[in-house]
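The values are calculated or read from the model by the stated rules, or taken from the named source; none is laboratory data. Because the structure is predicted, anything quoted here is derived from the model rather than measured. Cβ sites come from the backbone with ideal geometry, for glycine too, and all protein chains shown count toward neighbours.
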Amino acid sequence: MVQVPSVLIGVRAAIGPGLLFGALLIPRWAIVLLAAIGFVSDVLDGMIARRLGVATQRIRVADSLADACFYGCAAAAVWRLEPGIVRAFSIPLLVALGALLATYAVDVIKYGRPAPYHSWMAKLWNVSLFCAFVGVVLLRRGVVLWPAVAICLIGCAEGIAMTCVIDRWTYDVPTLWHALRLRSSSRRGE
């Protein structure tokens with residue numbers, strides 16, 4: 001049972017390339033079904049890991065890497081399926097990508113590695129990404145990208161702020177408020 005989170009992480013990591021390679025080979029509904037399985041695995045792996053008491057640093061870092069693979073491949077699949085929509089929204093998408101890269105850069109500069117905070121805003125962003133994916137792939141509408149871009153920018157700003165206030169690398173910090181409390185407790189020696 002303790003291997004379930006690792007299996008879910010592995011499934012999501014494997015589905016990512018499946019989305020990309022399947023983008024031109026399988027029907028759009030099947031691509032969305034694959035993405036839904038990946039999204040559900042993303043929701044469940046952390047919950048199950050925490051419930052089983054196996055939400056270790058290794059698991060949380062692997063989860064973040066699987067997320068990057070899955071959502072990166074999903075973005076590339078959208079590009080293959082709807083290049084016109086991607087071109088039409090290239091500026092906001094590039095701004096969001098720049099914000100993500102800035103967040104990773106701040107983490108690496110401060111800690112030497114990315115910080116897998118798995119914040120509530122990051123979870124909301126994952127939901128918005130899945131909704132945007134479905135909207136672009138099935139409905140062929142780019143307007144569904146706006147909420148995902150906005151939530152990404154807010155989440156990146158929060159992530160950078162969290163890294164600025166947390167003294168040492170950690171994982172699973174839900175909000176900036178929690179980060180501030182973590183800093184206060186570490187400075188008091190708790």
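All conditions but one from (1) free of Cβ contacts under 8 Å to residues at least 40 places away in the same chain; (2) within 16 Å of TYR71 (Cα to Cα); (3) touching a Gly at 6+ places or on another chain (Cβ under 8 Å) apply to GLY16; the one that does not is (1).
For the range 132-157, give me each residue that is exposed (fewer than 15 other Cβ atoms within 10 Å of the Cβ) and in a helix (DSSP H, G or I).
Answer for the range 132-157, where residues must be exposed (fewer than 15 other Cβ atoms within 10 Å of the Cβ) and in a helix (DSSP H, G or I): LEU138, LEU139, VAL143, TRP146, ALA150, ILE154.
Residues considered: ALA88, ALA179, ALA96. Of these, the only one that is closer than 25 Å to ALA13 by Cβ, at pLDDT 95 or above and not assigned by TED's automatic domain parsing to the domain that holds ASP42 is ALA96.
Which members of the range 104-116 meet the condition of being among the hydroxyl-bearing types (Ser, Thr, Tyr) and either in contact with a Ser or Thr (Cβ under 8 Å, 6 or more places away or on another chain) or at pLDDT below 95 (or both)? Scanning the range 104-116 gives a single hit, TYR111.
The residue that is surrounded by the most Cβ atoms within 10 Å (Cβ to Cβ), among those in the range 84-122 that are under 30 Å from LEU182 (Cβ atoms) and free of Cβ contacts under 8 Å to residues at least 24 places away in the same chain, is TYR104.
Can you spot a residue in the range 59-70 that is at pLDDT 90 or above and more than 13 Å from the chain's Cα centre (by Cα)? Among the residues of the range 59-70, at least one is at pLDDT 90 or above and more than 13 Å from the chain's Cα centre (by Cα), which makes the answer yes.
Residues of the range 37-52 include none that is surrounded by 15 or more Cβ atoms within 10 Å (Cβ to Cβ), of a type outside the set (S, T, N, Q), outside any helix (DSSP H, G or I) and in contact with an Asp or Glu (Cβ under 9 Å, 6 or more places away or on another chain). Residues in the range 82-114 that are within 21 Å of LEU19 (Cβ to Cβ), in a helix (DSSP H, G or I), more than 20 Å from the chain's Cα centre (by Cα) and of a type outside the set (Gly, Ala, Ser): PRO83, ILE85, ARG87.
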